[in-house]
Amino acid sequence: MSNIQILVIGRHAEITSTIIRLINNKPDWKCTGVLTDEEAIAAFDEKSFNAVLIGAGVTPQEKQQLCDIFHAKKPGIPVIQHYGGGSGLLFAEIYQALGIS
């Protein structure tokens, strides 16, 4: 799978920046990172994403609201909950959500 677009929603600028950098280091992956729900919805409307990655700082209620919005606009889009950990775990979560072996 090439040219994978991933939307990352985080609440901590430094952590979100690190995730963006890690994802963008993959040659065929492109990441857009945002810090607010409003930015996330606007970005989702502007680009065609293959997956959404939600950071641990997003509350369960915020996550549910975002998932409802995203699934209404693009049913079946994988939403990945990322709780932290190294880049290996991050990539494994993305690979699994996208069905990449």
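Any read-out appearing in this document is the output of simple, stated calculations on the displayed coordinates, not a laboratory observation. In this text, all values refer to a predicted model and were calculated from it rather than measured experimentally. Note that we place each Cβ from the backbone using ideal geometry, even for glycine, and neighbour counts take in every protein chain shown.
Listed values, structure above:
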{"quantity": "Residues located in segment 1-19, provided they are within 12 Å of the chain's Cα centre (by Cα) and surrounded by fewer than 19 Cβ atoms within 10 Å (Cβ to Cβ)", "calculated": "Ile4, Gln5"}
{"quantity": "Selected residue (only one of Val58, Val52 is closer than 20 Å to Tyr95 by Cβ, out of contact with any Ser or Thr (no Cβ under 9 Å at 6 or more places or on another chain), of a type in the set (A, V, I, L, M, F, W, C) and in contact (Cβ under 8 Å) with a residue 24 or more places away in the chain)", "calculated": "Val52"}
{"quantity": "Criterion (part of a helix (DSSP H, G or I), out of contact with any helix residue (DSSP H, G or I) (no Cβ under 6 Å at 6 or more places or on another chain) and among the aliphatic types (A, V, I, L, M)) met by exactly one of Ile23, Ile100", "calculated": "Ile23"}
{"quantity": "Residue count for segment 39-49, restricted to those that are crowded, with 16+ Cβ neighbours inside 10 Å and either among the charged types (D, E, K, R) or closer than 20 Å to Gln96 by Cβ (or both)", "calculated": "1"}
{"quantity": "Test: residue in segment 1-20 that is part of a loop (DSSP other than H, G, I, E, B), touching a residue at least 40 places away in the same chain (Cβ under 8 Å), under 22 Å from Tyr95 (Cα atoms) and of a type in the set (Gly, Ala, Ser)", "calculated": "yes"}
{"quantity": "Evaluation of Ile100 against (1) under 14 Å from the mean Cα position of the chain (by Cα); (2) touching a residue at least 40 places away in the same chain (Cβ under 8 Å); (3) surrounded by fewer than 18 Cβ atoms within 10 Å (Cβ to Cβ) (one fails), failing number", "calculated": "(1)"}
{"quantity": "Any chance Gly10 is farther than 16 Å from Ala97 by Cα and not aliphatic (A, V, I, L, M)", "calculated": "yes"}
{"quantity": "Segment 58-80: number of residues that are surrounded by fewer than 14 Cβ atoms within 10 Å (Cβ to Cβ) and in a helix (DSSP H, G or I)", "calculated": "7"}
{"quantity": "Residue that is surrounded by the fewest Cβ atoms within 10 Å (Cβ to Cβ), among those in segment 28-38 that are more than 18 Å from Ile94 (Cα to Cα) and in contact (Cβ under 8 Å) with a residue 24 or more places away in the chain", "calculated": "Asp37"}
